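Heads up: the structure comes next, in structure tokens.
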């Protein structure tokens with residue numbers, strides 16, 4: 001499918017089912033230029049152009065790719081095409097991979113296609129050589145350093161793909177939200193629900209304007225994004241604003257500017273087991289003496305503060321390659337390890353701080369005395 005705008009005003013758009021995922025290939029290509037006429041959806045948020053706008057139900061179920069990430073088992077030098085990862089993966093020739101940064105350069109990532117992969121041995125041959133050095137080793141470094149420092153290799157390919165064309169360096173966007181529509185004097189509530197499993201989003205997000213995947217005022221129905229890949233964008237990857245009951249887990253985010261995931265005025269959001277890498281500064285930022293806000297995952301302090309953001313959790317995520325901070329998240333009550341909202345998150349290859357922790361505004365009195373991170 002090729003279109004400029006795909007607007008679901010209250011119906012159902014579905015590919016596959018949870019029980020029987022789509023097994024062939026599907027591609028939605030959004031095209032258009034920066035000055036293309038936008039679509040207006042709500043007084044609460046902007047719609048925009050080159051967009052999938054959902055005020056109904058979208059359910060996309062792609063073919064499962066069980067292993068989104070592997071570790072390099074040998075060192076990969078610039079120009080190398082023969083590498084080794086674990087055996088037994090479902091990776092095949094033609095799949096696109098991202099090799100995360102393992103140095104002090106957040107943008108030292110390589111994007112390559114598979115020429116061949118041996119499922120018995122894990123031998124991996126690329127169609128072209130690595131662009132940077134990537135650390136690898138046969139055994140994990142966790143016993144020596146406390147965590148596995150071997151380079152991550154991420155699978156980007158999925159059989160359902162949403163992509164933007166390259167006019168004006170202006171990517172696509174996907175918006176899920178709630179809105180009201182008046183027909184005469186009668187008001188109709190439109191409620192967006194987005195279920196995407198094993199979907200690829202490529203060339204997605206619009207410079208200084210719109211993230212790749214947007215949740216705006218989406219409170220009426222729960223949404224799930226799981227097992228997906230988002231890569232190659234000019235602005236934020238995921239923005240969750242004034243929204244609730246969203247699960248975002250097991251996804252890969254690579255090559256966006258300058259933020260991976262941000263929440264603002266959002267509650268009941270679970271962000272778990274995601275990989276976020278290769279986040280760059282945006283050269284278009286014109287803030288004068290003001291610093292641009294950057295980071296891998298940012299909790300409820302990008303827009304005005306203080307904000308009401310409750311019952312969110314950030315667990316088992318990795319950020320590899322970012323500016324300012326890998327994670328900018330609230331701490332939890334000292335000594336309370338049962339209700340931990342920020343745990344087991346790992347950051348590396350960050351210019352700045354790996355983990356910035358601040359007192360939770362919803363627990364101002366207790367956190368004025370003590371707060372911590374696990």
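The values are calculated or read from the model by the stated rules, or taken from the named source; none is laboratory data. Computed from a prediction, not measured in an experiment: that's the story for all the values here. For neighbour counting, all protein chains shown are included, and Cβ atoms are generated from backbone atoms with ideal geometry for every residue, glycine included.
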- Item | Residues within the range 164-194 that are part of a strand (DSSP E or B) and over 27 Å from residue 233 (Cβ atoms), tallied | 8
- Message: Looking at the structure I just gave you, is residue 47 in contact with a strand residue (DSSP E or B) (Cβ under 7 Å, 6 or more places away or on another chain), at negative phi, at pLDDT 95 or above and buried (at least 19 other Cβ atoms within 10 Å of the Cβ)?
- Response: no
- Task: Find the strands (runs of 3 or more DSSP E) located wholly in the range 11-110 whose residues include 2 or more that are more than 20 Å from the chain's Cα centre (by Cα), and list them.
- Result: 12-15, 82-84
- Message: Residue under question is residue 178, and the condition is that it be at positive phi and surrounded by 13 or more Cβ atoms within 10 Å (Cβ to Cβ); does it hold?
- Response: no
- State whether one or more residues within the range 115-126 are crowded, with 16+ Cβ neighbours inside 10 Å, without any contact (Cβ under 8 Å) to a residue 60 or more places away in the chain and not in a strand (DSSP E or B). yes
- Would you check which residues across the range 89-105 are surrounded by 13 or more Cβ atoms within 10 Å (Cβ to Cβ) and at pLDDT 95 or above and list them? 89, 90, 91, 95, 96, 97, 98, 99, 100, 101, 102
- Query: Residue check: is residue 247 under 28 Å from residue 99 (Cα atoms), surrounded by fewer than 24 Cβ atoms within 10 Å (Cβ to Cβ) and either at pLDDT 95 or above or under 10 Å from the mean Cα position of the chain (by Cα) (or both)?
  - Reply: yes
- For the range 242-286, how many residues are part of a loop (DSSP other than H, G, I, E, B) and either touching a helix residue (DSSP H, G or I) at 6+ places or on another chain (Cβ under 7 Å) or farther than 17 Å from residue 317 by Cβ (or both)? 12
- Just for the range 359-368: of the residues that are assigned to a loop (DSSP other than H, G, I, E, B) and in contact (Cβ under 8 Å) with a residue 12 or more places away in the chain, which one is farthest from residue 269 (Cα to Cα)? 359
- Scanning the range 331-358 residue by residue, those modelled with pLDDT under 90, part of a loop (DSSP other than H, G, I, E, B) and surrounded by 15 or more Cβ atoms within 10 Å (Cβ to Cβ) turn out to be 331, 340, 341
- Message: Residues that are farther than 21 Å from residue 201 by Cα and out of contact with any helix residue (DSSP H, G or I) (no Cβ under 6 Å at 6 or more places or on another chain): does the range 55-72 have at least one?
- Response: yes
